[in-house]
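**Student:** A single structure is presented below for examination.
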Amino acid sequence: MPTIHYILPDGSTRSVEAKPGANVMETAIHHNVRGIDAECGGSCSCATCHVYVDKAFIDRLTPPDEMENELLDAVAAGREAGSRLSCQIIVGAELDGLTVRVPASQI
């Protein structure tokens, strides 16, 4: 199974195995990763699952759609080049080792 590394605001890392086909948000919720609240349950309508994707993985992701882009423009932590909603990142073998940083404002 692919491994996802969640870097928390305190600098610690939570590395968890993800089921292929699950999304990064679901994986965080199932493993109690702090800072990924997912208030909307993954329906791409709240941005409480915002993460910063490590630049080594950005090109492996499908680009955000219009709805995700609009939500990312309004995130509390501020949008960066690697900003994504973790509910929109589907895990597959190509994302093994994916590293995402949880914004401090979400803790």
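**Student:** Find the residue count for the stretch 14-39, including only residues that are of a type outside the set (G, A, S), touching a residue at least 40 places away in the same chain (Cβ under 8 Å) and farther than 15 Å from I89 by Cα.
**Tutor:** So the answer is 3.
**Student:** Can you name the condition, by its number, that E26 falls short on among (1) among the charged types (D, E, K, R); (2) surrounded by fewer than 16 Cβ atoms within 10 Å (Cβ to Cβ); (3) under 12 Å from the mean Cα position of the chain (by Cα)?
**Tutor:** The single condition E26 does not satisfy is (2).
**Student:** So, one more: Applying the selection to the stretch 80-107, what residues are aliphatic (A, V, I, L, M), surrounded by fewer than 22 Cβ atoms within 10 Å (Cβ to Cβ), in contact with a strand residue (DSSP E or B) (Cβ under 7 Å, 6 or more places away or on another chain) and over 19 Å from D65 (Cβ atoms)?
**Tutor:** First pass over the stretch 80-107, keeping only residues aliphatic (A, V, I, L, M): 81, 85, 89-91, 93, 95, 98, 100, 102, 104, 107.
From what is left, the residues that are surrounded by fewer than 22 Cβ atoms within 10 Å (Cβ to Cβ) are 81, 90, 93, 95, 104, 107.
Now restrict to residues that are in contact with a strand residue (DSSP E or B) (Cβ under 7 Å, 6 or more places away or on another chain): 90.
Those that are aliphatic (A, V, I, L, M), surrounded by fewer than 22 Cβ atoms within 10 Å (Cβ to Cβ), in contact with a strand residue (DSSP E or B) (Cβ under 7 Å, 6 or more places away or on another chain) and over 19 Å from D65 (Cβ atoms): none in the stretch 80-107.
**Student:** Just give me the residues in the stretch 1-15 being assigned to a strand (DSSP E or B) and loosely packed, with under 14 Cβ neighbours inside 10 Å, in sequence order.
**Tutor:** T13, S15
**Student:** Also, quick follow-up: Output yes when any residue across the stretch 31-41 is acidic (D, E) and at pLDDT 95 or above, and no when none is.
**Tutor:** No, the stretch 31-41 has no match at all.
**Student:** So is D54 at pLDDT below 95 and within 13 Å of the chain's Cα centre (by Cα) or not?
**Tutor:** Answer is no for this residue.
**Student:** Still on this structure, please answer the following. Do you know which residues across the stretch 33-53 are hydroxyl-bearing (S, T, Y) and farther than 15 Å from E80 by Cα? Give the derivation first.
**Tutor:** So in the stretch 33-53, the residues hydroxyl-bearing (S, T, Y) come out as 43, 45, 48, 52.
Those that are hydroxyl-bearing (S, T, Y) and farther than 15 Å from E80 by Cα: S43, S45, T48.
The values are calculated or read from the model by the stated rules, or taken from the named source; none is laboratory data. Given the structure is predicted, the values throughout are model-derived calculations rather than measurements. Don't worry about glycine lacking a Cβ; one is built from the backbone with ideal geometry, like all the others, and counts go over all protein chains shown.
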